[in-house]
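Written below as structure tokens is the structure these notes are about.
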Amino acid sequence: MSVHPQTEVRLNINDIVSKKGKEQVPCLTAYDYTMATWCDRGGADLILVGDSAANVVFGETTTLPITLDTMILISKAVMRGTKRAVVVLDLPFMSYQVSPEDAVRNAGRAVKESGVLAVKLEGGAEFADTVKAITRASIPVMAHIGLMPQSALKFGKFRTFGKTPEEQTYLRESALRLQDAGAFAVVLECVYAPFAAELTQELFIPTIGIGSGVDVDGQILVTHDLLGMTVGKAPKFAQPVAQLGESATEGVRAYVARTLSRTGI
Ligand code: KIV
């Protein structure tokens, strides 16, 4: 039985925001029609078409190569697979960093062409003006701070953020400025859990954690990590609930065996 009865009515941004302090917000990623359908039926409130598609769909080692055209194409498929969840398109590298004007143009294209309800962008306080410009164009924005895979060239190794007083000052200022700029939620990726809990208390918008402990307003995971479909190593915090990758390999082995032995059609 699903947690949420399957409904034809799509949640909206206010439904997500109004859960703050009352109910956790379960979020997942999806990049195609089929996976989006399973995530939606399973009760994910928000489905992110993450730029992690670069890794899990296209086999790239970073998220940098994926284009806005590809993000729009796969977001359309996710929209077709969902009836209830709020679908958010992750603005890819270089689609919003050049200028707020460019960001508004690209966010507008994303919403118009794919039908998603909102966009997400990675960046701290220095992107508050960009968030403000996009929200001024009536496009809801989800912010993303802490570990930001689009900044891999700058930060190098993936690690936990917000352990030192300096990082805490920067993250706090960023979260508050992004909230003031109109972000409806903020993803905290690999933020030191006790500090993620503090930020969650200080903000009036929901914090959506990934590898940031349980004292946040919701959780997001790459669905492939959750379902045991990741090729290679999944992050430790993902705690897979299934091993679909292994099941798929087993299934293919069975098919190959029955084909070779002429025991199946
Ligand atoms: O691209 C992505 O999948 C993300 C989530 C992990 C938050 O940004």
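The values are calculated or read from the model by the stated rules, or taken from the named source; none is laboratory data. What you see is a predicted model; the values in this text were computed from it and never measured. All Cβ positions, glycine included, derive from the backbone under ideal geometry; neighbour counts span all protein chains shown. All accessible areas refer to the heavy atoms of the entire protein, side chains included, with ligands and DNA or RNA removed. Shrake-Rupley method; radii C 1.70, N 1.55, O 1.52, S 1.80 Å.
If you go through the stretch 149-195, how many residues are within 12 Å of the ligand (Cβ to nearest atom), at pLDDT 95 or above and in a loop (DSSP other than H, G, I, E, B)?
Summing the residues that are within 12 Å of the ligand (Cβ to nearest atom), at pLDDT 95 or above and in a loop (DSSP other than H, G, I, E, B) in the stretch 149-195 gives 1.
All but one of (1) β-branched (Val, Ile, Thr); (2) under 23 Å from Glu122 (Cβ atoms); (3) over 16 Å from the mean Cα position of the chain (by Cα) hold for Thr34; which doesn't?
In the conditions (1) β-branched (Val, Ile, Thr); (2) under 23 Å from Glu122 (Cβ atoms); (3) over 16 Å from the mean Cα position of the chain (by Cα), Thr34 misses (2) alone.
Where the second residue is surrounded by fewer than 16 Cβ atoms within 10 Å (Cβ to Cβ) and part of a loop (DSSP other than H, G, I, E, B) and the first is on the phi < 0 side of the Ramachandran plot and hydrophobic (A, V, I, L, M, F, W, C) and lies in the stretch 45-68, which pairs have Cβ atoms under 6 Å and are six or more apart or on separate chains?
From residues that are on the phi < 0 side of the Ramachandran plot and hydrophobic (A, V, I, L, M, F, W, C), the pairs are Ala54/Glu60; Ala54/Pro65.
Among the residues of the stretch 78-91, what is the count of those that are buried (at least 18 other Cβ atoms within 10 Å of the Cβ) and farther than 15 Å from Val119 by Cβ? Reasoning before the result, please.
Initial filter on the stretch 78-91 (buried (at least 18 other Cβ atoms within 10 Å of the Cβ)): 78-79, 81-82, 84-91.
Remaining after also requiring farther than 15 Å from Val119 by Cβ: 81-82, 84-85.
Adding up the residues that qualify gives 4.
Scanning the stretch 112-142 for residues that are within 14 Å of Gly182 (Cα to Cα) and part of a strand (DSSP E or B), which turns out nearest to the ligand (Cβ to nearest atom)?
Lys120
Determine if the stretch 200-223 includes at least one residue that is crowded, with 19+ Cβ neighbours inside 10 Å, among the charged types (D, E, K, R) and either under 30 Å from Ala183 (Cβ atoms) or over 17 Å from the mean Cα position of the chain (by Cα) (or both).
Among the residues of the stretch 200-223, at least one is crowded, with 19+ Cβ neighbours inside 10 Å, among the charged types (D, E, K, R) and either under 30 Å from Ala183 (Cβ atoms) or over 17 Å from the mean Cα position of the chain (by Cα) (or both), which makes the answer yes.
Of everything in the stretch 98-131, what is out of contact with any strand residue (DSSP E or B) (no Cβ under 9 Å at 6 or more places or on another chain) and not aliphatic (A, V, I, L, M)? Give them in sequence order.
Ser99, Pro100, Glu101, Asp102, Arg105, Gly108, Arg109, Lys112, Glu113, Glu126, Asp129, listed by residue number.
Could you list all residues from the stretch 196-241 that are of a type in the set (D, E, K, R) and either within 16 Å of Glu122 (Cβ to Cβ) or not in a helix (DSSP H, G or I) (or both)? Step through it out loud before you land on a result.
Taking the stretch 196-241 as the starting set, the residues that turn out to be of a type in the set (D, E, K, R) are 198, 202, 215, 217, 225, 233, 236.
Asp215, Asp217, Lys233 - these are the residues of the stretch 196-241 that are of a type in the set (D, E, K, R) and either within 16 Å of Glu122 (Cβ to Cβ) or not in a helix (DSSP H, G or I) (or both).
Give me a count of the residues in the stretch 242-259 that are part of a helix (DSSP H, G or I) and open to solvent by less than 100 Å² (accessible area, probe 1.4 Å).
11
In this structure, does Thr230 turn out to be among the hydroxyl-bearing types (Ser, Thr, Tyr), out of contact with any Lys or Arg (no Cβ under 8 Å at 6 or more places or on another chain) and more than 10 Å from the ligand (Cβ to nearest atom)?
yes
How many residues, within the stretch 19-44, are in contact with a helix residue (DSSP H, G or I) (Cβ under 6 Å, 6 or more places away or on another chain), part of a loop (DSSP other than H, G, I, E, B) and open to solvent by less than 40 Å² (accessible area, probe 1.4 Å)?
Residues that pass the stated criteria total 2.
Could you identify the single residue in Tyr170, Tyr192 that is among the aromatic types (Phe, Trp, Tyr) and within 20 Å of the chain's Cα centre (by Cα)? Before the answer, list the steps.
Numbers: Tyr170 fails: within 20 Å of the chain's Cα centre (by Cα).
Exactly one residue qualifies, and that residue is Tyr192.
Considering each of Gly209, Gly182, Gly162 in turn, give the residue that is touching a residue at least 40 places away in the same chain (Cβ under 8 Å) and either closer than 21 Å to Phe93 by Cα or not hydroxyl-bearing (Ser, Thr, Tyr) (or both).
Only one candidate qualifies: Gly182.
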